[in-house]
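J.: Here it is, the structure, as structure tokens.
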Amino acid sequence: MGLIDGILAVLFGGSRNVVKETAEVFRVNAENEAGRELSLQGQVLEQFGKEFRLADRSRFDEVIDALNRVPRPAMALGTLALFVSAMVDPVWFAARMAGIALVPEPLWWLLAAIVSFYFGARHQAKGQQFQRDLAQTIARVPQVVQTVREVEALRDVTPARPEAASEPAGPVAFSTADEPNAALRDWLATRG
């Protein structure tokens, strides 16, 4: 038994675990890794929420955002207008299309590149806006959970019974003869 105790003391003695330490050289400790990932994710969300605040947007940002909304509807409505103009005035439409046919191919490639980059950038900006909104929503979760708990706590509270109204000590000083309301006159008569 002394030999086994000696071997175990070497491996696990002195608040050490040689087996665990050796295994962690080849495989990451899953619990410690999860803790590090949780800490990193919390820091990223906090930084992300601070970086993208809608309250910090200037008037210039709002104007540029409004201008960025114009090209897509303009292109869609312009295309529909071309269909309408083809039906309303075919000669005018044919003259315009003949002019478009004279545009050289490199200019078409340039237009395609500009439109592609515009929509790509717009897609990226809207994706980042979505992530900003998502980060703000996630940041509000603890507050919403607390509010829901407070509301749910109100469900268990039963209101206190109101105290019975005390009767007046003396007779009511109304004249039943002058009262035009017959129901009130009868009630006052029964009361005394």
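The values are calculated or read from the model by the stated rules, or taken from the named source; none is laboratory data. All values reported here derive from a predicted model rather than from experimental measurement. Positions of Cβ are generated from backbone atoms using ideal geometry, with glycine treated the same way; all protein chains shown enter the neighbour counts.
J.: Which residue, of Leu134, Leu111, Leu154, is modelled with pLDDT under 85 and either surrounded by 10 or more Cβ atoms within 10 Å (Cβ to Cβ) or under 30 Å from Gln47 (Cα atoms) (or both)?
T.: Of the residues listed, the single one that is modelled with pLDDT under 85 and either surrounded by 10 or more Cβ atoms within 10 Å (Cβ to Cβ) or under 30 Å from Gln47 (Cα atoms) (or both) is Leu134.
J.: Tell me which residues, restricted to segment 23-74, are of a type in the set (A, V, I, L, M) and touching a helix residue (DSSP H, G or I) at 6+ places or on another chain (Cβ under 8 Å).
T.: Once the filter is applied, which keeps residues that are of a type in the set (A, V, I, L, M) and touching a helix residue (DSSP H, G or I) at 6+ places or on another chain (Cβ under 8 Å), segment 23-74 yields Leu45, Leu54.
J.: Hey, among the residues in segment 16-43 that are small (Gly, Ala, Ser) and over 21 Å from Ala135 (Cβ atoms), which one's farthest from the chain's Cα centre (by Cα)?
T.: Ala23
J.: Right, another one. Of these, Val151, Val103, which one is outside any helix (DSSP H, G or I), of a type in the set (A, V, I, L, M, F, W, C), more than 30 Å from Arg57 (Cβ to Cβ) and free of Cβ contacts under 8 Å to residues at least 12 places away in the same chain?
T.: Val103
J.: Quick check, is Arg96 part of a loop (DSSP other than H, G, I, E, B), of a type in the set (D, E, K, R) and at pLDDT below 90?
T.: So Arg96 does not fit the description; no.
J.: If you don't mind, another one. Quick check on segment 54-66. Is at least one of its residues touching a residue at least 60 places away in the same chain (Cβ under 8 Å) and either assigned to a helix (DSSP H, G or I) or out of contact with any strand residue (DSSP E or B) (no Cβ under 7 Å at 6 or more places or on another chain) (or both)?
T.: Within segment 54-66 (the criterion being touching a residue at least 60 places away in the same chain (Cβ under 8 Å) and either assigned to a helix (DSSP H, G or I) or out of contact with any strand residue (DSSP E or B) (no Cβ under 7 Å at 6 or more places or on another chain) (or both)), the answer is yes, since at least one residue qualifies.
J.: Is there any pair linking a residue in segment 107-129 that is on the phi < 0 side of the Ramachandran plot and in a helix (DSSP H, G or I) to one that is among the polar types (S, T, N, Q) and surrounded by 11 or more Cβ atoms within 10 Å (Cβ to Cβ), with Cβ under 8 Å and at least six apart or on different chains, and which?
T.: Pairs that qualify, where the first residue is on the phi < 0 side of the Ramachandran plot and in a helix (DSSP H, G or I) and the partner is among the polar types (S, T, N, Q) and surrounded by 11 or more Cβ atoms within 10 Å (Cβ to Cβ), are Arg122/Asn68; Ala125/Asn68.
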